[in-house]
Amino acid sequence: MAGAAGVITLGVLVSGSGTNLQAILDAIAERRLDARVAVVVSNKAGAGALPRAARAGVPTVVLDHNAYAGREAFDAAVVSALRERGVEWVVLAGFMRILTRVLLDAFPMRVVNIHPALLPSFPGTDAQRQALDYGVRVTGCTVHFVDAGTDTGPIIAQRALDVLPGEELESLKNRLLAVEHQLLPEVLQWIAEGRVGVVGGKGRASVVVR
Ligand code: GAR
């Protein structure tokens, strides 16, 4: 189902505290983002993201992945929850599950993820710890389309952040979150404006922002 002109309909998938979800909701409320969040889906009943959604009047669905026979069955339930509410774009905002083709094929090139590192460095879990352990001087965050790999899909945007001398993990995580909270709503607004395209090319697909 298409949304009203220029307003995209989002489904946001979460597992945790939901500060990126909050950044999306705040950007919508402040009219920096032409979107509406039709549903928030969490695989964790206790996710802090859920009360954030409820406070904004956004419907929530909890689907415990442990209750499903496998990843495909879980993804099929997520797809149903998203389709029921007319979702056009799926945003992974701290969603800690690997997606299968079941979800990706239902929303082709319409699933975006925020990752707390400069991909392709430090994919997977604990990206901030990986960056600190490696000793990089610059890290950052990445918003990318999701494909069947782990954090391998075409990159839409990245923003860098210097690592401070002797920085602890909590500090880096928090300073990165502040950058994530700027970048994710900005990229979603580019999508709402129809400025983000994917080009095939001979190698991997890549993104153009017009
Ligand atoms: C964010 O740092 C996000 O980039 C990261 O989880 C955190 C969720 O925080 N995502 C991943 O690591 C995905 N691989 P939030 O729940 O407060 O938005």
| request: Please name all residue pairs, on different chains or six or more residues apart, with Cβ atoms under 6 Å, provided the first residue is in the stretch 80-99 and is in contact (Cβ under 8 Å) with a residue 60 or more places away in the chain and at positive phi and the second residue is within 16 Å of the ligand (Cβ to nearest atom) and part of a helix (DSSP H, G or I). | output: Gly94/Asn20
| query | With Leu63, Leu82, Leu92 as the choices, which residue is open to solvent by less than 60 Å² (accessible area, probe 1.4 Å) and within 16 Å of the ligand (Cβ to nearest atom)? | reply | Leu92
| message | Regarding the stretch 25-37, can at least one residue be identified that is farther than 21 Å from Glu186 by Cβ and within 16 Å of the ligand (Cβ to nearest atom)? | response | no
| said: Any residue in the stretch 102-130 that is surrounded by fewer than 19 Cβ atoms within 10 Å (Cβ to Cβ) sitting within a Cβ distance under 6 Å of a residue that is in a loop (DSSP other than H, G, I, E, B)? List the pairs, counting only those 6 or more apart or interchain. | reply: Pro123/Thr150; Pro123/Asp151; Gly124/Thr150; Gln130/Phe122
| field | Residue that is least open to solvent (accessible area, probe 1.4 Å), among those in the stretch 184-210 that are among the small types (Gly, Ala, Ser) and farther than 21 Å from Thr152 by Cα | value | Ala192
| query | In the stretch 148-190, what residues are within 11 Å of the ligand (Cβ to nearest atom), touching a strand residue (DSSP E or B) at 6+ places or on another chain (Cβ under 6 Å) and in a loop (DSSP other than H, G, I, E, B)? | reply | Asp151
| note | Those strands (runs of 3 or more DSSP E) completely within the stretch 52-136 that have 2 or more residues that are out of contact with any helix residue (DSSP H, G or I) (no Cβ under 6 Å at 6 or more places or on another chain) are 89-92, 111-115
| query | Considering only residues of the stretch 152-183 that are over 25 Å from Leu21 (Cβ atoms) and among the acidic types (Asp, Glu), which is surrounded by the most Cβ atoms within 10 Å (Cβ to Cβ)? | reply | Glu167
| query | Any residue in the stretch 191-209 that is modelled with pLDDT of 95 or more, out of contact with any Lys or Arg (no Cβ under 8 Å at 6 or more places or on another chain) and part of a helix (DSSP H, G or I)? | reply | yes
| Can you name the residue in the stretch 100-124 that is at positive phi and of a type in the set (A, V, I, L, M, F, W, C) and is also nearest to the ligand (Cβ to nearest atom) among such residues? | Phe122
| message | Restricting to the stretch 33-83, give me the number of residues that are over 20 Å from Thr100 (Cβ atoms) and in contact with an Asp or Glu (Cβ under 8 Å, 6 or more places away or on another chain). | response | 2
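The values are calculated or read from the model by the stated rules, or taken from the named source; none is laboratory data. The model shown is predicted, which means the values in this text are computed figures rather than measured ones. Note that we place each Cβ from the backbone using ideal geometry, even for glycine, and neighbour counts take in every protein chain shown. When the accessible area is computed, the model is the full protein with side chains, heavy atoms only, and any ligands, DNA or RNA have been set aside. Shrake-Rupley method; radii C 1.70, N 1.55, O 1.52, S 1.80 Å.
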